[in-house]
Amino acid sequence: MATPHSHGPVGTRPVDPEFIKAMEHGLEHGRRMGRKGWDSGWEEESSHTNKSLMDHLVDRLNGEFDELIEAVDRRATHKQVTREAADVANIAMMIQDLYAALYTHEEES
């Protein structure tokens with residue numbers, strides 16, 4: 001079985017640059033499609049209320065996760081699995097970011 005790449009002392013593996021590049025590519029693809037929520041801090045997402053936007057992102061996360069599992073199950077190329085995993089990571093990052101925007105003030109009070 002192949003082992004993951006080691007880039008330093010045990011326990012200090014950086015994120016794979018190809019994975020980061022795939023995440024950035026996915027975000028750029030969204031920008032080209034007119035999605036501005038991530039870049040605007042969610043202020044320009046007028047088509048959704050905050051609650052429905054969160055629901056929308058959770059639905060997208062579930063769909064992207066299904067695509068990742070399908071790619072793994074069919075033994076897709078490393079590049080295809082990386083792209084699908086990056087999509088999952090991007091949506092998870094967006095959920096965390098939106099959640100912080102919605103609920104951080106509650107933790108501060």
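No lab work stands behind these numbers, since they all come straight from the coordinates. On a predicted model such as this, the values are computed, not experimentally measured, just so you know. All Cβ positions, even for glycine, are placed from backbone atoms using ideal geometry, and neighbour counts span all protein chains on display.
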- request: Rounded to whole Hz and in sequence order, give me ³J(HN,Hα) for the range 26-40 from the Karplus expression 6.51 cos²θ - 1.76 cosθ + 1.60, θ = phi - 60°, writing x for Gly and Pro.
  value: x, 5, 5, 4, x, 4, 5, 8, x, 7, 10, x, 4, 6, 9
task: Provide the per-residue ³J(HN,Hα) series for the range 63-68, in order, calculated from phi with Karplus coefficients 6.51, -1.76, 1.60 and θ = phi - 60°, each as a whole number of Hz, with x at glycine and proline positions.
output: x, 5, 4, 4, 5, 5
- request: Go through the range 52-60 residue by residue and turn each phi into a ³J(HN,Hα) via Karplus (6.51, -1.76, 1.60, θ = phi - 60°); whole Hz please, and just put x for glycine and proline.
  value: 5, 5, 4, 4, 4, 5, 5, 4, 5
statement: If R0 = 25 Å, then Glu24 and Ser52, at their Cβ-Cβ distance, give a FRET efficiency to the nearest 0.05 of 0.40
- prompt: Spin-label point model (7 Å from Cα, Cβ direction): what's the Gln80 to Trp38 distance in nm?
  reply: 2.3 nm
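From Cα pairs below 8 angstrom and at least 6 apart in sequence, can you work out the relative contact order of the range 50-109, rounded to a whole percent?
44 percent
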field: Met93 versus Asp59: modelled label distance in nm, points set 7 Å from Cα along the beta carbon direction
entry: 2.4 nm
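If you stretched the chain out fully between Glu70 and Ala100, how much longer would it get, using 0.36 nm times the residue separation minus the C-alpha to C-alpha distance?
Numbers: separation 30, 0.36 × 30 = 10.80 nm, distance 3.06 nm.
The span from Glu70 to Ala100 would gain 7.7 nm if fully extended.
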message: Rg and Dmax in Å for the range 50-109, alpha carbons only: what are they?
response: 14.4, 49
